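Heads up, the thing below is written out as C-alpha coordinates.
The values are calculated or read from the model by the stated rules, or taken from the named source; none is laboratory data. Bear in mind that the values here come from a model prediction, so they are computed numbers and not experimental data. Positions of Cβ are generated from backbone atoms using ideal geometry, with glycine treated the same way; all protein chains shown enter the neighbour counts. Just the protein is used for accessible areas: all its heavy atoms, side chains included, with ligands, DNA and RNA removed. Shrake-Rupley method; radii C 1.70, N 1.55, O 1.52, S 1.80 Å.
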Amino acid sequence: AVESAKGKYAHMLFNELFEDYSNALRPVEDTDKVLNVTLQITLSQIKDMDERNQILSAYLWIRQSWYDAYLRWDKDKYDGLDSIRIPSNLVWRPDIVLYNKVDDDFSEPVNTNVVLRYDGKITWDAPAITKSSCVVDVSYFPFDSQQCNLTFGSWTYNGNQVDIINSLDSGDLSDFVEDVEWEIHGMPAVKNVITYGCCSEPYPDVTFTLILKRKSSFYIFNLLLPCILISFLAPLGFYLPADSGEKVSLGVTVLLALTVFQLMVAEIMPPSENVPLIGKYYLATMTMITASTALTIIIMNLHHCGSEAKPVPQWAKVVILDYMSKIFFVYDVGENCTSPKREEEEERRLEGDDGCQRRPKEVRSSLSTGNDDCNLKEKLNGNWNKSYGIHGENVRETVNCCSCYKMLIKNIEYIANCVRDHKANRAKGIEWKKVAKVMDRFFMWIFFIMVFFMSVLVIGKAA
(Lines give C-alpha, C1' and ligand atoms only; values in the text may rest on other atoms or scores of the structure.)
Protein backbone atom coordinates (compact mmCIF):
# COMPACT_ATOMS: atom_id res chain seq x y z
CA ALA A 1 0.00 0.00 0.00
CA VAL A 2 2.87 2.38 0.83
CA GLU A 3 4.62 1.58 -2.49
CA SER A 4 1.48 2.24 -4.49
CA ALA A 5 0.85 5.47 -2.62
CA LYS A 6 4.35 6.75 -3.41
CA GLY A 7 3.94 5.77 -7.06
CA LYS A 8 0.70 7.71 -7.20
CA TYR A 9 2.34 10.80 -5.71
CA ALA A 10 5.32 10.43 -8.05
CA HIS A 11 3.06 10.50 -11.12
CA MET A 12 1.20 13.48 -9.77
CA LEU A 13 4.46 15.28 -8.98
CA PHE A 14 5.88 14.58 -12.41
CA ASN A 15 2.79 15.93 -14.16
CA GLU A 16 2.75 19.08 -12.07
CA LEU A 17 6.49 19.78 -12.42
CA PHE A 18 6.72 19.39 -16.19
CA GLU A 19 3.37 20.94 -17.08
CA ASP A 20 4.90 24.29 -18.01
CA TYR A 21 8.61 23.38 -17.85
CA SER A 22 11.03 24.00 -20.73
CA ASN A 23 14.44 22.38 -20.92
CA ALA A 24 15.71 24.86 -23.50
CA LEU A 25 16.52 27.72 -21.12
CA ARG A 26 18.96 28.01 -18.25
CA PRO A 27 16.95 27.24 -15.06
CA VAL A 28 17.59 30.37 -13.00
CA GLU A 29 15.08 32.88 -11.68
CA ASP A 30 17.43 35.80 -12.38
CA THR A 31 19.18 35.75 -15.76
CA ASP A 32 22.11 37.70 -14.30
CA LYS A 33 22.71 35.00 -11.72
CA VAL A 34 25.43 32.40 -12.26
CA LEU A 35 24.43 28.75 -12.31
CA ASN A 36 27.02 26.59 -10.53
CA VAL A 37 27.67 23.12 -11.91
CA THR A 38 29.67 20.70 -9.78
CA LEU A 39 31.79 18.29 -11.82
CA GLN A 40 33.31 15.01 -10.69
CA ILE A 41 35.22 12.53 -12.87
CA THR A 42 35.72 8.87 -11.99
CA LEU A 43 38.28 6.95 -14.01
CA SER A 44 37.14 3.39 -14.48
CA GLN A 45 39.53 1.96 -17.07
CA ILE A 46 42.19 2.87 -19.61
CA LYS A 47 41.14 1.19 -22.82
CA ASP A 48 44.08 2.10 -25.03
CA MET A 49 47.09 4.37 -25.30
CA ASP A 50 47.98 4.92 -28.93
CA GLU A 51 51.47 6.43 -28.78
CA ARG A 52 51.85 6.66 -32.55
CA ASN A 53 48.65 8.70 -33.04
CA GLN A 54 48.87 10.26 -29.54
CA ILE A 55 45.34 9.30 -28.51
CA LEU A 56 44.21 8.19 -25.05
CA SER A 57 41.05 6.11 -24.84
CA ALA A 58 39.50 5.98 -21.37
CA TYR A 59 36.27 4.83 -19.77
CA LEU A 60 34.93 7.56 -17.47
CA TRP A 61 31.99 8.16 -15.19
CA ILE A 62 31.01 11.81 -15.38
CA ARG A 63 28.92 13.18 -12.53
CA GLN A 64 27.35 16.63 -12.84
CA SER A 65 25.07 18.28 -10.29
CA TRP A 66 23.29 21.65 -10.31
CA TYR A 67 20.17 23.30 -8.94
CA ASP A 68 17.11 23.85 -11.09
CA ALA A 69 15.00 26.73 -9.78
CA TYR A 70 11.86 25.46 -11.53
CA LEU A 71 11.93 21.87 -10.29
CA ARG A 72 11.22 22.18 -6.56
CA TRP A 73 8.40 20.89 -4.43
CA ASP A 74 7.24 20.50 -0.89
CA LYS A 75 7.87 16.88 -0.01
CA ASP A 76 5.20 17.00 2.72
CA LYS A 77 2.51 17.53 0.08
CA TYR A 78 3.62 14.37 -1.67
CA ASP A 79 3.74 12.03 1.28
CA GLY A 80 7.43 12.72 2.03
CA LEU A 81 8.62 11.98 -1.53
CA ASP A 82 12.06 13.63 -1.64
CA SER A 83 13.51 12.42 -4.99
CA ILE A 84 12.50 10.96 -8.32
CA ARG A 85 14.38 9.44 -11.27
CA ILE A 86 13.49 10.80 -14.67
CA PRO A 87 15.08 10.72 -18.17
CA SER A 88 17.83 13.27 -18.56
CA ASN A 89 16.48 14.67 -21.82
CA LEU A 90 13.46 16.06 -19.98
CA VAL A 91 15.48 18.56 -17.94
CA TRP A 92 17.96 21.28 -18.83
CA ARG A 93 21.50 19.95 -18.96
CA PRO A 94 24.77 21.89 -19.11
CA ASP A 95 26.64 21.51 -22.39
CA ILE A 96 29.89 20.48 -20.73
CA VAL A 97 32.09 18.65 -23.22
CA LEU A 98 35.62 17.35 -23.45
CA TYR A 99 37.61 20.08 -25.18
CA ASN A 100 40.48 17.89 -26.42
CA LYS A 101 38.24 15.16 -27.77
CA VAL A 102 39.46 13.53 -30.99
CA ASP A 103 36.64 11.05 -31.53
CA ASP A 104 34.76 11.18 -34.83
CA ASP A 105 31.47 10.48 -33.08
CA PHE A 106 29.73 13.75 -32.13
CA SER A 107 26.53 12.15 -30.91
CA GLU A 108 24.66 13.19 -27.79
CA PRO A 109 25.70 11.85 -24.37
CA VAL A 110 24.10 8.72 -23.06
CA ASN A 111 20.54 9.49 -21.96
CA THR A 112 20.78 8.01 -18.51
CA ASN A 113 18.30 9.05 -15.82
CA VAL A 114 18.90 11.98 -13.53
CA VAL A 115 18.12 12.11 -9.83
CA LEU A 116 15.87 15.07 -9.01
CA ARG A 117 15.55 16.13 -5.36
CA TYR A 118 12.83 18.20 -3.75
CA ASP A 119 15.15 21.21 -3.32
CA GLY A 120 15.81 21.36 -7.07
CA LYS A 121 19.21 19.60 -7.03
CA ILE A 122 19.78 17.48 -10.11
CA THR A 123 22.50 14.81 -10.21
CA TRP A 124 23.39 13.34 -13.56
CA ASP A 125 25.72 10.30 -13.73
CA ALA A 126 26.66 9.36 -17.28
CA PRO A 127 29.25 6.85 -18.50
CA ALA A 128 31.44 7.88 -21.40
CA ILE A 129 34.21 6.36 -23.50
CA THR A 130 36.43 9.28 -24.41
CA LYS A 131 39.22 9.60 -26.92
CA SER A 132 41.39 12.57 -26.09
CA SER A 133 44.58 13.95 -27.51
CA CYS A 134 47.67 13.35 -25.41
CA VAL A 135 51.13 14.72 -26.15
CA VAL A 136 53.35 11.66 -25.78
CA ASP A 137 57.00 12.07 -24.82
CA VAL A 138 58.87 8.90 -25.77
CA SER A 139 62.37 10.10 -24.88
CA TYR A 140 62.74 7.43 -22.19
CA PHE A 141 60.70 4.65 -23.78
CA PRO A 142 60.15 1.98 -22.43
CA PHE A 143 60.79 3.58 -19.02
CA ASP A 144 58.70 6.67 -19.70
CA SER A 145 55.95 8.50 -17.83
CA GLN A 146 53.12 10.33 -19.56
CA GLN A 147 50.81 13.15 -18.52
CA CYS A 148 47.52 13.30 -20.39
CA ASN A 149 45.07 16.15 -19.87
CA LEU A 150 41.28 15.85 -19.88
CA THR A 151 39.81 19.35 -20.14
CA PHE A 152 36.07 19.79 -19.51
CA GLY A 153 34.14 22.99 -20.01
CA SER A 154 30.91 24.50 -21.32
CA TRP A 155 30.78 24.90 -25.07
CA THR A 156 28.43 27.90 -25.27
CA TYR A 157 28.00 29.34 -21.75
CA ASN A 158 30.60 31.71 -20.38
CA GLY A 159 31.67 32.03 -16.78
CA ASN A 160 29.02 34.65 -16.03
CA GLN A 161 26.30 32.17 -16.94
CA VAL A 162 27.60 28.73 -15.96
CA ASP A 163 30.45 28.26 -13.55
CA ILE A 164 32.19 24.89 -13.09
CA ILE A 165 33.22 23.84 -9.59
CA ASN A 166 35.50 20.95 -8.70
CA SER A 167 33.82 18.38 -6.53
CA LEU A 168 37.23 16.97 -5.51
CA ASP A 169 40.82 18.10 -5.83
CA SER A 170 41.50 15.15 -8.13
CA GLY A 171 39.75 12.53 -10.16
CA ASP A 172 38.22 9.57 -8.37
CA LEU A 173 40.36 6.45 -8.73
CA SER A 174 38.59 4.23 -6.22
CA ASP A 175 36.90 2.14 -8.94
CA PHE A 176 39.84 2.01 -11.33
CA VAL A 177 40.50 -1.35 -12.99
CA GLU A 178 44.24 -2.10 -13.08
CA ASP A 179 45.78 -1.85 -16.52
CA VAL A 180 48.35 -4.34 -17.82
CA GLU A 181 50.55 -1.67 -19.39
CA TRP A 182 50.12 1.49 -17.31
CA GLU A 183 50.23 2.44 -13.65
CA ILE A 184 48.18 5.39 -12.38
CA HIS A 185 50.15 7.74 -10.13
CA GLY A 186 47.44 10.35 -9.69
CA MET A 187 44.81 12.46 -11.40
CA PRO A 188 44.93 16.02 -10.02
CA ALA A 189 42.27 18.52 -11.05
CA VAL A 190 42.85 22.22 -11.69
CA LYS A 191 40.28 24.89 -12.53
CA ASN A 192 41.28 27.39 -15.21
CA VAL A 193 39.57 30.60 -16.26
CA ILE A 194 40.54 31.58 -19.79
CA THR A 195 39.64 34.69 -21.74
CA TYR A 196 39.77 34.02 -25.47
CA GLY A 197 40.58 36.60 -28.10
CA CYS A 198 37.13 36.46 -29.63
CA CYS A 199 35.23 37.26 -26.45
CA SER A 200 35.67 39.40 -23.38
CA GLU A 201 33.81 37.01 -21.07
CA PRO A 202 35.75 34.43 -19.05
CA TYR A 203 35.35 30.77 -19.86
CA PRO A 204 36.10 28.38 -16.99
CA ASP A 205 37.20 24.81 -17.45
CA VAL A 206 38.47 21.96 -15.30
CA THR A 207 41.59 20.08 -16.38
CA PHE A 208 42.25 16.61 -15.02
CA THR A 209 45.89 15.54 -15.49
CA LEU A 210 46.24 11.79 -15.73
CA ILE A 211 49.76 10.76 -14.61
CA LEU A 212 50.74 7.43 -16.16
CA LYS A 213 53.81 5.27 -15.61
CA ARG A 214 54.55 2.57 -18.16
CA LYS A 215 55.07 -1.00 -16.97
CA SER A 216 58.30 -1.81 -18.79
CA SER A 217 58.60 -5.55 -18.09
CA PHE A 218 57.05 -6.53 -21.44
CA TYR A 219 59.41 -4.30 -23.41
CA ILE A 220 62.45 -5.33 -21.38
CA PHE A 221 61.96 -9.02 -22.14
CA ASN A 222 60.87 -8.57 -25.76
CA LEU A 223 62.89 -5.61 -27.04
CA LEU A 224 65.70 -4.56 -24.71
CA LEU A 225 67.07 -7.87 -23.40
CA PRO A 226 67.36 -9.51 -26.87
CA CYS A 227 69.17 -6.41 -28.10
CA ILE A 228 71.67 -6.59 -25.22
CA LEU A 229 72.30 -10.28 -25.84
CA ILE A 230 72.73 -9.74 -29.57
CA SER A 231 75.08 -6.81 -29.01
CA PHE A 232 77.33 -9.02 -26.87
CA LEU A 233 77.73 -11.31 -29.90
CA ALA A 234 79.38 -8.55 -31.91
CA PRO A 235 82.73 -8.54 -29.99
CA LEU A 236 82.90 -12.33 -30.28
CA GLY A 237 83.42 -11.88 -34.01
CA PHE A 238 86.97 -10.80 -33.18
CA TYR A 239 87.54 -14.06 -31.29
CA LEU A 240 86.43 -16.12 -34.26
CA PRO A 241 89.43 -17.59 -36.18
CA ALA A 242 90.25 -15.71 -39.35
CA ASP A 243 90.51 -18.91 -41.40
CA SER A 244 86.90 -19.88 -40.57
CA GLY A 245 85.51 -17.40 -43.07
CA GLU A 246 82.57 -16.46 -40.82
CA LYS A 247 83.86 -13.28 -39.16
CA VAL A 248 82.18 -10.82 -41.53
CA SER A 249 79.05 -12.99 -41.80
CA LEU A 250 78.56 -12.87 -38.03
CA GLY A 251 78.74 -9.06 -37.96
CA VAL A 252 76.30 -8.68 -40.86
CA THR A 253 73.86 -11.16 -39.26
CA VAL A 254 73.91 -9.29 -35.95
CA LEU A 255 73.38 -6.01 -37.79
CA LEU A 256 70.32 -7.39 -39.60
CA ALA A 257 68.86 -8.73 -36.34
CA LEU A 258 69.15 -5.31 -34.68
CA THR A 259 67.57 -3.69 -37.73
CA VAL A 260 64.50 -5.91 -37.29
CA PHE A 261 64.14 -4.85 -33.65
CA GLN A 262 64.57 -1.20 -34.57
CA LEU A 263 61.77 -1.47 -37.13
CA MET A 264 59.51 -2.94 -34.44
CA VAL A 265 60.17 0.06 -32.19
CA ALA A 266 59.66 2.47 -35.09
CA GLU A 267 56.19 1.03 -35.71
CA ILE A 268 55.15 1.78 -32.12
CA MET A 269 56.64 5.24 -31.69
CA PRO A 270 55.26 8.45 -33.22
CA PRO A 271 57.38 10.07 -35.95
CA SER A 272 58.70 12.82 -33.71
CA GLU A 273 62.08 14.47 -33.23
CA ASN A 274 62.51 12.86 -29.81
CA VAL A 275 64.34 9.59 -30.34
CA PRO A 276 63.39 7.04 -27.66
CA LEU A 277 66.05 5.73 -25.31
CA ILE A 278 65.86 2.23 -26.71
CA GLY A 279 66.16 3.68 -30.22
CA LYS A 280 69.36 5.47 -29.20
CA TYR A 281 70.67 2.21 -27.80
CA TYR A 282 69.86 0.41 -31.04
CA LEU A 283 71.53 3.14 -33.08
CA ALA A 284 74.68 3.11 -30.93
CA THR A 285 74.84 -0.68 -31.06
CA MET A 286 74.41 -0.75 -34.83
CA THR A 287 77.15 1.86 -35.20
CA MET A 288 79.42 -0.24 -33.01
CA ILE A 289 78.69 -3.39 -35.00
CA THR A 290 79.34 -1.55 -38.27
CA ALA A 291 82.70 -0.37 -36.91
CA SER A 292 83.55 -3.88 -35.71
CA THR A 293 82.75 -5.34 -39.13
CA ALA A 294 84.95 -2.75 -40.83
CA LEU A 295 87.80 -3.46 -38.41
CA THR A 296 87.34 -7.19 -38.98
CA ILE A 297 87.83 -6.70 -42.71
CA ILE A 298 91.02 -4.69 -42.10
CA ILE A 299 92.38 -7.27 -39.67
CA MET A 300 91.63 -10.10 -42.11
CA ASN A 301 93.71 -8.28 -44.70
CA LEU A 302 96.58 -8.21 -42.21
CA HIS A 303 96.09 -11.91 -41.53
CA HIS A 304 96.30 -12.82 -45.20
CA CYS A 305 99.26 -10.60 -46.03
CA GLY A 306 101.42 -13.63 -46.80
CA SER A 307 105.10 -13.84 -47.65
CA GLU A 308 105.03 -11.22 -50.41
CA ALA A 309 104.12 -8.38 -48.01
CA LYS A 310 106.57 -5.99 -46.46
CA PRO A 311 108.12 -6.98 -43.13
CA VAL A 312 106.38 -6.01 -39.92
CA PRO A 313 107.59 -2.53 -38.84
CA GLN A 314 109.89 -2.33 -35.89
CA TRP A 315 107.46 -0.30 -33.78
CA ALA A 316 104.74 -2.91 -34.42
CA LYS A 317 107.11 -5.66 -33.32
CA VAL A 318 107.86 -3.82 -30.08
CA VAL A 319 104.35 -2.57 -29.26
CA ILE A 320 102.14 -5.34 -30.63
CA LEU A 321 104.24 -8.49 -30.69
CA ASP A 322 106.26 -7.87 -27.52
CA TYR A 323 103.94 -6.00 -25.14
CA MET A 324 100.32 -6.30 -26.32
CA SER A 325 100.62 -10.01 -27.00
CA LYS A 326 101.62 -10.59 -23.39
CA ILE A 327 98.86 -8.33 -22.04
CA PHE A 328 96.13 -10.13 -24.00
CA PHE A 329 97.72 -13.60 -23.63
CA VAL A 330 98.19 -14.08 -27.35
CA TYR A 331 100.68 -16.77 -28.32
CA ASP A 332 102.08 -17.76 -31.68
CA VAL A 333 99.67 -18.79 -34.39
CA GLY A 334 98.51 -22.34 -33.76
CA GLU A 335 99.78 -22.31 -30.17
CA ASN A 336 97.55 -22.73 -27.16
CA CYS A 337 98.55 -21.93 -23.59
CA THR A 338 96.41 -24.78 -22.23
CA SER A 339 98.07 -27.59 -24.20
CA PRO A 340 101.74 -28.14 -23.19
CA LYS A 341 102.00 -31.11 -25.55
CA ARG A 342 101.65 -28.81 -28.50
CA GLU A 343 104.50 -26.68 -27.13
CA GLU A 344 106.73 -29.76 -26.88
CA GLU A 345 105.85 -30.72 -30.45
CA GLU A 346 106.66 -27.19 -31.56
CA GLU A 347 110.04 -27.36 -29.84
CA ARG A 348 110.76 -30.71 -31.46
CA ARG A 349 109.77 -29.31 -34.82
CA LEU A 350 112.07 -26.36 -34.34
CA GLU A 351 114.89 -28.68 -33.30
CA GLY A 352 114.26 -30.73 -36.40
CA ASP A 353 114.45 -27.59 -38.54
CA ASP A 354 117.75 -26.69 -36.89
CA GLY A 355 119.02 -30.20 -37.65
CA CYS A 356 117.99 -29.72 -41.23
CA GLN A 357 119.87 -26.47 -41.30
CA ARG A 358 122.93 -28.09 -39.80
CA ARG A 359 122.98 -30.87 -42.37
CA PRO A 360 123.91 -28.70 -45.34
CA LYS A 361 126.76 -27.24 -43.27
CA GLU A 362 127.98 -30.73 -42.42
CA VAL A 363 127.72 -31.70 -46.06
CA ARG A 364 129.53 -28.56 -47.09
CA SER A 365 132.28 -29.23 -44.52
CA SER A 366 132.59 -32.81 -45.65
CA LEU A 367 132.64 -31.68 -49.24
CA SER A 368 135.22 -29.08 -48.42
CA THR A 369 137.34 -31.76 -46.78
CA GLY A 370 136.74 -33.84 -49.88
CA ASN A 371 137.88 -30.91 -51.96
CA ASP A 372 140.99 -30.60 -49.83
CA ASP A 373 141.59 -34.28 -50.35
CA CYS A 374 141.15 -33.70 -54.04
CA ASN A 375 143.73 -30.94 -53.99
CA LEU A 376 145.99 -33.13 -51.93
CA LYS A 377 145.56 -35.87 -54.49
CA GLU A 378 146.35 -33.47 -57.26
CA LYS A 379 149.49 -32.42 -55.47
CA LEU A 380 150.47 -35.98 -54.77
CA ASN A 381 149.70 -37.04 -58.31
CA GLY A 382 151.59 -34.08 -59.61
CA ASN A 383 154.61 -34.88 -57.46
CA TRP A 384 154.32 -38.53 -58.37
CA ASN A 385 154.12 -37.66 -62.02
CA LYS A 386 157.06 -35.34 -61.78
CA SER A 387 159.10 -37.89 -59.90
CA TYR A 388 158.30 -40.87 -62.03
CA GLY A 389 157.13 -39.20 -65.24
CA ILE A 390 153.83 -40.98 -65.28
CA HIS A 391 151.05 -39.23 -67.37
CA GLY A 392 147.71 -40.39 -68.76
CA GLU A 393 144.52 -41.89 -67.38
CA ASN A 394 145.13 -41.30 -63.61
CA VAL A 395 145.33 -37.55 -64.09
CA ARG A 396 142.05 -37.46 -66.07
CA GLU A 397 140.19 -39.41 -63.35
CA THR A 398 141.41 -37.04 -60.66
CA VAL A 399 140.26 -33.95 -62.60
CA ASN A 400 136.81 -35.46 -63.23
CA CYS A 401 136.39 -36.27 -59.55
CA CYS A 402 137.15 -32.66 -58.49
CA SER A 403 134.69 -31.16 -60.99
CA CYS A 404 131.94 -33.54 -59.75
CA TYR A 405 132.48 -32.40 -56.18
CA LYS A 406 132.30 -28.72 -57.16
CA MET A 407 128.94 -29.14 -58.99
CA LEU A 408 127.50 -31.02 -56.03
CA ILE A 409 128.52 -28.20 -53.65
CA LYS A 410 126.84 -25.56 -55.86
CA ASN A 411 123.57 -27.52 -56.02
CA ILE A 412 123.45 -28.06 -52.26
CA GLU A 413 124.18 -24.38 -51.61
CA TYR A 414 121.33 -23.40 -53.97
CA ILE A 415 118.92 -25.72 -52.20
CA ALA A 416 119.97 -24.39 -48.79
CA ASN A 417 119.45 -20.80 -49.93
CA CYS A 418 115.97 -21.64 -51.23
CA VAL A 419 115.05 -23.31 -47.96
CA ARG A 420 116.42 -20.34 -46.03
CA ASP A 421 114.42 -17.85 -48.13
CA HIS A 422 111.29 -19.95 -47.79
CA LYS A 423 111.65 -20.04 -44.00
CA ALA A 424 112.22 -16.26 -43.90
CA ASN A 425 109.08 -15.61 -45.99
CA ARG A 426 107.11 -18.04 -43.90
CA ALA A 427 108.26 -16.31 -40.70
CA LYS A 428 107.19 -12.99 -42.18
CA GLY A 429 103.68 -14.29 -42.84
CA ILE A 430 103.50 -15.78 -39.34
CA GLU A 431 104.42 -12.40 -37.87
CA TRP A 432 101.59 -10.70 -39.76
CA LYS A 433 99.15 -13.38 -38.60
CA LYS A 434 100.22 -12.85 -35.02
CA VAL A 435 99.77 -9.07 -35.42
CA ALA A 436 96.23 -9.71 -36.71
CA LYS A 437 95.49 -12.04 -33.81
CA VAL A 438 96.70 -9.50 -31.23
CA MET A 439 94.59 -6.75 -32.81
CA ASP A 440 91.57 -9.09 -32.76
CA ARG A 441 91.93 -9.65 -29.03
CA PHE A 442 92.50 -5.95 -28.40
CA PHE A 443 89.36 -4.84 -30.22
CA MET A 444 87.34 -7.70 -28.70
CA TRP A 445 87.93 -6.38 -25.17
CA ILE A 446 87.41 -2.79 -26.26
CA PHE A 447 84.01 -3.60 -27.75
CA PHE A 448 83.04 -5.76 -24.78
CA ILE A 449 83.68 -2.79 -22.49
CA MET A 450 81.70 -0.49 -24.78
CA VAL A 451 78.70 -2.83 -24.86
CA PHE A 452 78.80 -3.21 -21.08
CA PHE A 453 78.91 0.52 -20.41
CA MET A 454 76.18 1.18 -22.97
CA SER A 455 73.90 -1.33 -21.25
CA VAL A 456 74.66 0.13 -17.82
CA LEU A 457 73.99 3.64 -19.17
CA VAL A 458 70.57 2.65 -20.53
CA ILE A 459 69.56 0.95 -17.29
CA GLY A 460 70.91 3.90 -15.27
CA LYS A 461 68.85 6.41 -17.23
CA ALA A 462 65.80 4.22 -16.81
CA ALA A 463 66.30 4.13 -13.05
Problem set entry | Apportionment of accessible area to carbon and sulfur, region 7-214, percent (1.4 Å) | 47
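Full extension from Glu183 to Asn160: what is 0.36 nm times the residue separation minus their Cα-Cα distance, to one decimal in nm?
Full extension of this stretch gives 4.4 nm more.
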Problem set entry | For region 7-214, share of DSSP beta bridges that run antiparallel, in % to the nearest 5 | 90
Exercise. Considering only protein heavy atoms, what is the solvent-accessible area of Trp432 at a probe of 1.4 Å, reported in Å² to the nearest 10?
Worked result: 30
For this session: Report the FRET efficiency, 1/(1 + (r/R0)^6), for Ile194 and Asn36, where r is their Cβ-Cβ distance and R0 is 22 Å, rounded to 0.05.
Result: 0.75
Problem set entry | P(r) of region 7-214 over all Cα-Cα pairs, binned every 10 Å from zero, in whole percent | 8, 30, 31, 20, 9, 2, 0
For this session: Determine, for each peptide in 194-200, 152-158, the mean count of other beta carbons within 10 angstrom over its residues, then list the peptides with the highest first.
Result: 152-158, 194-200
Problem set entry | Within region 136-154: backbone nitrogen closer than 17 Å to the Ala284 label point (7 Å, Cα to C-beta) | 139-144
Exercise. Kirkwood hydrodynamic radius (Cα pairs, Å) of region 110-195?
Worked result: 16.6
Exercise. Any idea which of Cys134, Leu81, Thr112 is furthest toward the positive side of the dipole for region 3-147, if Lys and Arg beta-carbons carry +1 and Asp and Glu beta-carbons -1?
Worked result: Leu81
